[in-house]
Amino acid sequence: MNATIVHLKITLDDVEPKVVRRLEVPASIRLDRLHLTLQAALGWTNSHLYELRVKEIGWGIPDPEWGEGPLDARKATLLNVLEDTGAKKLRYLYDFGDGWEHTVKIERIVDPQPNILYPRLVKAIGRCPPEDVGGPWGYAEFIDALADPAHERHGEMRDWAGDFDPLHLDPQELADNVLGLARLWARKPATKRTKIS
């Protein structure tokens, strides 16, 4: 299963309009890199803490001062998690203050296609909310305020976010961001040159 590709469906929970992404990632991807892939595909800015969870087990950035914190995401792969837990879905938590929760569903596992770099974004629906908008509830108020010129916070939200349209996104830009990660991770490590005398 190590040389296989996992098809993922990622849904941002508790928001309207829907935010959904479909990704293809190597089963061998480390969880810290899966986090970066999710950030690129969703359009988040990677400026907050995160955790990937299966049942009661979490992976993220460990904090030695917090004994019950997450396991180190750099030391686990998606393959490890799927084999060890039998999970068919994961939870992806981003920005513990705003509390963005995502459902990451394992749709299928296939062989890689020739000449394709992975990870790869294959579908994007809905624009990701702006950072620091206050989580799903703050986002709902934000959307209402933007849509209604008579709303008491309309001017404030418009000044803060400009002409934000939750339905307008550039899927190609998101795909290019994911492709940039795939290219970076596909590079061969530099080798030392031997000095010939």
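The values are calculated or read from the model by the stated rules, or taken from the named source; none is laboratory data. Every value quoted in this text rests on a predicted model; they were computed, and no experiment measured them. No Cβ is skipped: glycine too gets one built from the backbone with ideal geometry, and neighbour counts run over all protein chains shown.
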The one condition in (1) of a type in the set (Val, Ile, Thr); (2) outside any helix (DSSP H, G or I); (3) at pLDDT 95 or above that Val178 fails to fulfil
(2)
Can you find even one residue in region 45-63 that is surrounded by 22 or more Cβ atoms within 10 Å (Cβ to Cβ) and β-branched (Val, Ile, Thr)?
no
Contact list please: Cβ distance under 7 Å, first residue in region 117-140 and surrounded by fewer than 17 Cβ atoms within 10 Å (Cβ to Cβ), second residue part of a strand (DSSP E or B) and of a type in the set (Val, Ile, Thr), pairs at least six apart or on different chains.
Ile125/Val20
Which number in (1) assigned to a strand (DSSP E or B); (2) closer than 16 Å to Ala87 by Cβ; (3) modelled with pLDDT of 95 or more; (4) not hydroxyl-bearing (Ser, Thr, Tyr) marks the one condition that Glu24 misses?
(2)
Looking only at residues in region 146-164 that are surrounded by 11 or more Cβ atoms within 10 Å (Cβ to Cβ) and of a type in the set (D, E, K, R), which one is farthest from Val15 (Cα to Cα)?
Glu156
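Residues of region 1-36 being hydroxyl-bearing (Ser, Thr, Tyr) and surrounded by fewer than 16 Cβ atoms within 10 Å (Cβ to Cβ), which ones?
We begin by selecting, within region 1-36, every residue hydroxyl-bearing (Ser, Thr, Tyr); these are 4, 11, 28.
Thr4, the sole residue that qualifies.
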